[in-house]
Amino acid sequence: MADEKLQIIRHSCAHVMAEAIKNLYPGTKIAIGPAIDNGFYYDFEFTTDTKFTETDFPAVEKEMRKILAGNHDFVRKEVSKDEALKLFADEPYKVELINDLPADAVITTYEQDGFMDLCRGPHVANTKEINAQSFKLEKVAGAYWRGDSKRTMLTRIYAVCFEKPNELKDYIKMMEEAEKRDHRKLGQEMDLFHLDSEDPGQIFWHPNGWTIYTVMLDYLRKMIKRDGYQEVNTPAIMPRTLWERSGHWGHYQQNMFITESEKRMFAIKPMNCPGALEIFKSRQRSYKDLPLRLAEFGHDVRNEPSGTLHGVMRVRGFVQDDAHILCTEEQIGPEVAKFCKLLKNVYHDFGFDELVVKFSTMPEDHVGDLATWERAEKALADACTAAGLTYEIQPGEGAFYGPKLEFKLYDCIGREWQCGTIQVDYQLPSAERLDATYIGADNQKHHPVMLHRAILGSFERFLGILIENFAGAFPTWLAFEQVAVVPVSNDFDDYAKEINDKLLAADIRSNAYLSDDNMKSKIKQISMEHRTPYILVVGEKEKADNTVCVRYRFSSQKPQETLKIDDFIKYVQDKVQTHFIGI
């Protein structure tokens with residue numbers, strides 16, 4: 001497969017970069033260097049007198065190209081654990097990795113141009129298979145050894161790498177466009193939100209951003225209500241005993257904020273599923289009550305490492321468009337198919353019609369018998385087909401309790417975002433966990449199946465994706481300011497206010513700009529800071545005719561025109577009601 005070939009090229013290029021670093025900076029210790037999306041990284045411990053920065057990239061890239069030009073073979077060799085410890089005696093991070101292996105382990109090394117690395121491989125046969133114009137060092141970051149904040153902080157060098165030079169050029173062009181669309185920059189320019197270094201990972205939503213947020217929330221509420229969901233709300237803080245029974249205390253405690261009251265320990269909820277089951281268990285349920293679809297826009301908090309936080313995309317406090325469907329095993333297929341259709345409709349309304357579905361199957365470390373897994377996987381597969389979706393298999397990538405579907409969308413510059421998911425869970429409702437039951441048609445108690453599902457993932461991250469996808473120019477139905485009314489001079493402020501009042505009465509988000517600034521300055525501000533879809537210019541002629549001069553945000557697509565105010569209101573309402581993405 002092409003993807004496998006590219007991953008091999010990237011990992012091989014990582015070895016070349018490690019060799020170049022060792023050549024240029026003697027005494028540097030090497031750690032790990034895996035291939036990742038779009039390229040690779042390698043972690044290094046430089047000597048104390050070396051301050052490696054991005055200004056050093058040209059020298060490293062030059063040395064890498066020199067190595068590649070030598071047409072060196074990658075030579076694989078199998079060695080024993082004792083031999084490996086001798087070969088890498090001067091590399092403490094490699095020694096630690098070797099010591100973690102069993103005594104009888106067969107260890108492989110790869111060597112090119114006299115540089116040897118500990119590696120499972122595979123690699124390209126020769127450095128000539130790596131195009132010298134198809135890679136570029138990208139950024140430097142800090143990374144704790146093995147992700148442990150108590151261990152050494154290493155220097156991580158990221159690089160992008162492709163098979164052909166034109167693929168690298170396309171990627172660089174995409175990243176330049178992404179930089180222009182950066183939601184952190186646009187969030188400040190458009191006064192949507194701010195982040196405070198004293199409160200990392202928490203978002204302060206300003207009126208403009210919160211308007212978009214609540215529009216999204218109202219929209220999702222409408223969609224799920226139509227689809228048979230009931231909305232619930234569960235406590236923000238729940239006792240340790242509940243988290244212990246659910247299994248989160250043992251597997252997720254490091255990411256939970258803990259508090260104590262009256263000699264009892266509590267956790268701020270990082271997820272909503274235990275709360276949903278507590279609601280299910282609050283009364284005796286019958287098979288006639290199923291499927292029971294419980295939706296919660298629950299505010300969750302996770303103790304994410306500060307170094308991983310990124311604008312509104314990766315935060316500590318967030319709201320999921322979460323839901324948990326309690327159903328019988330026979331209902332898994334129909335419920336998943338129903339969810340897939342809902343997800344497609346929602347994504348379409350936000351302007352995303354190209355989807356990739358990943359099907360994650362049973363991992364080696366799993367619970368439950370094989371027959372149950374086979375039934376669950378078949379139900380998921382049949383549901384995808386019924387919803388008109390094709391999928392790619394991710395073997396062994398399911399959760400330990402059940403298979404899952406991941407839904408990935410593409411933005412307008414080709415980036416992939418994993419957002420929606422649905423997971424099949426036999427474990428949380430089981431007797432061993434939270435022991436949820438219903439009375440079946442046989443008058444006996446049974447444990448329901450729990451489907452965990454989300455469409456957007458989190459409102460915060462999805463809104464960040466929208467900001468970058470639309471470059472702040474939101475479609476009319478989402479825009480925090482749908483219409484701006486601008487008088488040609490203050491002589492027409494009264495008419496501008498009259499028009500604005502009519503728009504507000506029609507539930508159109510509008511503002512009248514009545515300051516002493518001239519008309520051109522107002523229009524420039526509105527266009528740059530608010531990216532308002534429609535600017536209505538009103539003057540003597542418009543007042544006399546009871547009309548407005550409409551300037552469309554994308555004037556190249558639709559030139560300005562004069563309309564009766566009632567006709568314009570109908571036009572905007574139609575765009576909002578149909579969730580139209582254009583102008």
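Panel note: the C-alpha atoms of the chain, placed on their principal axes, show extents of 92, 72, 52 Å (largest first).
For the residues THR578, THR109, a 1.4 Å probe over the protein chains yields an accessible-area ranking, largest first, of THR578, THR109. Placing a label point 7 Å from the Cα of GLU529 along the Cα-to-Cβ direction, the residues of region 465-481 whose backbone N falls under 14 Å from that point are 481.
Label separation (SER515 vs ASP353): 4.0 nm, computed from points 7 Å beyond Cα along the C-beta direction. Each residue, ASP369 and GLU176, gets one label point 7 Å from its Cα in the Cβ direction; the gap between the two is 6.1 nm.
Loop sites only, by DSSP: take the GluC sites (Glu not before Pro) in the chain that have at most 15 other C-beta atoms within 10 Å and name the longest stretch containing none of them. Working shown, then result.
Details: sites that count: GLU198, GLU262, GLU354, GLU364, GLU397, GLU432.
Answer - 1-197.
Each part gets one Cα centre, and for region 38-52 versus region 91-125 those centres are 19 Å apart. Which residues does a label at GLU4 reach in region 121-154, if reach means a backbone N under 17 Å from a point 7 Å past the Cα toward the Cβ? Only 121-125 pass the distance filter. Across region 205-338, Cα pairs under 8 Å and at least six residues apart give a relative contact order of 24 percent. Ellipticity at 222 nm from helices only: DSSP H runs of n ≥ 4 in the chain, each -39500 (n - 2.57), divided by the residue count, give -10500 deg cm²/dmol.
Summary value for the chain: 10 percent relative contact order, contacts being C-alpha pairs under 8 angstrom separated by 6+ residues.
When only Cα pairs below 8 angstrom with a gap of at least 6 residues are kept, region 434-583 shows a relative contact order of 22 percent. Report the Cα centroid-to-centroid distance between region 448-524 and region 317-366 in angstrom, as an integer. Here the answer is 31 Å between Cα centres. One Cα centroid belongs to region 367-436, the other to region 242-292; the line between them spans 21 Å. Taking only protein heavy atoms and a 1.4 Å probe, the accessible area of region 46-113 is 50% carbon and sulfur. Surface exposure of the chain, expressed per residue as accessible area with a 1.4 Å probe, stands at 48 Å². Here r is the Cβ-Cβ distance between HIS194 and LYS169 and R0 is 25 Å; the resulting FRET efficiency, rounded to 0.05, is 0.10. Tell me the carbon and sulfur percent of the accessible area for region 219-283, rounded to whole percent, probe radius 1.4 Å. Whole-percent figure for carbon plus sulfur exposure: 50.
Using the beta-carbon distance between TYR144 and ASP507 and R0 = 51 Å, what value does 1/(1 + (r/R0)^6) give for FRET efficiency, to the nearest 0.05?
0.50
Measuring nothing but protein heavy atoms, the accessible surface of region 398-557 at 1.4 Å probe radius is 45 percent carbon and sulfur. At full extension, ALA431 and GLU96 could sit 116.5 nm farther apart than now, given 0.36 nm per residue minus the alpha carbon distance. Suppose R0 equals 22 Å. What FRET efficiency, 1/(1 + (r/R0)^6) with r the Cβ-Cβ distance, do GLN444 and LYS281 give to the nearest 0.05? The formula returns an efficiency of 0.80 here. Can you tally the net charge around PHE204? Count Lys and Arg as +1, Asp and Glu as -1, for every other residue whose Cβ sits under 15 Å from the Cβ of PHE204. Within the 15 Å Cβ shell, the charges total -3. Applying D = kT/(6 pi eta Rh) to region 1-104, where Rh is the Kirkwood radius over alpha-carbon pairs, T corresponds to 4 °C and eta to 1.567 mPa s, the Stokes-Einstein value obtained is 84 µm²/s.
With a Cα cut-off of under 24 Å and a minimum spacing of 8 residues unless on different chains, the lysine pairs in region 207-362 number 14.
When only the Cβ of Lys, Arg, Asp and Glu is charged (+1, +1, -1, -1), the dipole of the chain relative to its Cα centre reaches about 540 debye. Any idea how many Lys pairs in region 71-164 come in under 22 angstrom at the alpha carbon, given 8 or more places apart or on separate chains? The result is 10.
What you get for region 464-506, charging only the Cβ of Lys and Arg (+1) and of Asp and Glu (-1), is a dipole of about 180 debye around the Cα centre.
The values are calculated or read from the model by the stated rules, or taken from the named source; none is laboratory data. Small disclaimer: the values here were computed from a predicted structure and weren't measured. Heads up, the Cβs are rebuilt from the backbone with ideal geometry, glycines too, and the neighbour counts pull from every protein chain shown. Accessible surface areas use protein heavy atoms only, side chains included; no ligands, DNA or RNA. Shrake-Rupley method; radii C 1.70, N 1.55, O 1.52, S 1.80 Å.
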